[in-house]
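Here it is, the structure in full.
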Amino acid sequence: MNNSLAPAASPPNLKLHKQKRSKPTTGKILMMVFLCLIALIQLFPLIWLIDYSLLKSGDFFGSSFLKWPSPPQWENYRNAFTYGRVPRYFANSLIITVITVALSALVSLMMGYAFTRMKWKLSGIVLSLIMMGMIIPIHATLLPNFILFNKLGMLNNMYTLILPYSAIVIPMSVLIMTGFLETIPRAIEESAVIDGCGIYGVIFRIILPITKPALATICVLNFISTWNEFIMANTFLTSEDLKTIPFSIMKFAGEYSSNYGAQFAVMTIIAIPTILIYLLFTEQMTRGITAGAVKG
């Protein structure tokens, strides 16, 4: 029999292509539906916030969760930027938050390196004391900080917020950084030392680029925790030129009535930077948080 008439065997790549184009199973469809519902539930507060920021103050009362703004009240955002002093307060919050995030990231990097790479007495005890800071709520330090800053004459100053903000986020930052540094081979640093690199050169030229996922995680978490803080800022700041973005909401709260539309507009503006930063650094955050779980 002539072998040339026999059907040719399907190439492996064609079989794989057919397998990939197979119809999704019922389980996968149900999982996709479930994940879409979870995503919708997670997005609903943001949708609700934007929706209410475009309503009149008299439209807030009723049984409906969502109301179609007819017409959209863009005047709420105009009032937020003018009467609410959003640009000024936004800039103050940005300065305080950026300095806090940068300071905490730098300190956590150097402390994490000291705890994971250097051998010195009481390192374990000191690390445990720092980790205990995670169980202390930030507002539990409100009164001691107020008394201390009042005696030092530091009230009504941006530093009165930067210092406690940085102190309260450093324990978690050090925990993330030490977990990430434990996954980095020490041979990289040993090679750099052999080539003549000093301690600061090792940290900032070798370790810093490698720890970008951990640093991104630290920066995002610290940004979220300090950006919206109000109680400590309300206690330490009295000058209108130093107040932070949450104070804009209080501009529209009266004794007998409030401009709810403008308040929701301000809250929408406050939420936008946090959402954007989280979306930009989601992948780095995942790598930074899970790095300690795959040690070795």
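The values are calculated or read from the model by the stated rules, or taken from the named source; none is laboratory data. Owing to the predicted nature of the structure, the values given are computational and were not obtained by experimental measurement. Backbone-built Cβ (ideal geometry, glycine too); neighbour counts: all protein chains shown. The accessibility values were calculated without ligands, DNA or RNA, using every heavy atom of the protein model including side chains. Shrake-Rupley method; radii C 1.70, N 1.55, O 1.52, S 1.80 Å.
Quick check on residue 150: is it among the polar types (S, T, N, Q) and touching a Phe, Trp or Tyr at 6+ places or on another chain (Cβ under 9 Å)? It would help to see each step written out before you state the result.
Values: among the polar types (S, T, N, Q): yes; touching a Phe, Trp or Tyr at 6+ places or on another chain (Cβ under 9 Å): no.
Criteria not met by residue 150.
Considering only the stretch 35-44, I want to know if a residue exists there that is under 26 Å from residue 264 (Cα atoms) and in contact (Cβ under 8 Å) with a residue 40 or more places away in the chain. Steps first, please.
So in the stretch 35-44, the residues under 26 Å from residue 264 (Cα atoms) come out as 37-44.
With in contact (Cβ under 8 Å) with a residue 40 or more places away in the chain added as a condition, the list becomes none.
There is no residue in the stretch 35-44 that is under 26 Å from residue 264 (Cα atoms) and in contact (Cβ under 8 Å) with a residue 40 or more places away in the chain.
Say we look at the stretch 189-216 and pick out the residues that are open to solvent by 70 Å² or more (accessible area, probe 1.4 Å) and of a type in the set (Asp, Glu); which of these is nearest to residue 106 (Cα to Cα)? Quick ask: steps written out before the conclusion?
Step one: filter the stretch 189-216 for residues open to solvent by 70 Å² or more (accessible area, probe 1.4 Å), giving 190, 193-195, 199-200, 204-205, 212.
Pick out the ones that are also of a type in the set (Asp, Glu) and you get 190, 195.
Numbers: 190: 22, 195: 25 Å.
The extreme case among them is 190.
Now for a separate question. Please verify whether the stretch 106-125 includes one or more residues that are farther than 24 Å from residue 202 by Cβ and either surrounded by 15 or more Cβ atoms within 10 Å (Cβ to Cβ) or over 17 Å from the mean Cα position of the chain (by Cα) (or both). Working first, answer last.
In the first step, residues of the stretch 106-125 are kept if they are farther than 24 Å from residue 202 by Cβ; the result is 125.
Cutting the leftovers down to either surrounded by 15 or more Cβ atoms within 10 Å (Cβ to Cβ) or over 17 Å from the mean Cα position of the chain (by Cα) (or both) gives us 125.
For the stretch 106-125, residues farther than 24 Å from residue 202 by Cβ and either surrounded by 15 or more Cβ atoms within 10 Å (Cβ to Cβ) or over 17 Å from the mean Cα position of the chain (by Cα) (or both): present.
Say whether the condition of being under 22 Å from residue 168 (Cα atoms) and over 15 Å from the mean Cα position of the chain (by Cα) is met by at least one residue in the stretch 221-231.
To start, the set of residues in the stretch 221-231 that are under 22 Å from residue 168 (Cα atoms) comprises 221-231.
Those still in the list that are over 15 Å from the mean Cα position of the chain (by Cα) too: 230-231.
Yes, because at least one residue in the stretch 221-231 is under 22 Å from residue 168 (Cα atoms) and over 15 Å from the mean Cα position of the chain (by Cα).
If you don't mind, another one. Let me confirm something: among 65, 61, which residue is loosely packed, with under 13 Cβ neighbours inside 10 Å, touching a residue at least 12 places away in the same chain (Cβ under 8 Å) and over 30 Å from residue 241 (Cα atoms)?
Details: 61 fails: touching a residue at least 12 places away in the same chain (Cβ under 8 Å).
The match here is 65.
Residue under question is residue 258, and the condition is that it be within 27 Å of residue 56 (Cα to Cα), touching a residue at least 60 places away in the same chain (Cβ under 8 Å), hydroxyl-bearing (Ser, Thr, Tyr) and crowded, with 21+ Cβ neighbours inside 10 Å; does it hold?
In short, no.
Looking only at the stretch 235-253, how many residues end up being in a helix (DSSP H, G or I) and either aliphatic (A, V, I, L, M) or at positive phi (or both)? Quick ask: steps written out before the conclusion?
Of the residues in the stretch 235-253, the ones in a helix (DSSP H, G or I) are 235-236, 247-250.
Then keep just the ones that are either aliphatic (A, V, I, L, M) or at positive phi (or both); that gives 249-250.
Residues in the stretch 235-253 being in a helix (DSSP H, G or I) and either aliphatic (A, V, I, L, M) or at positive phi (or both): 2 in total.
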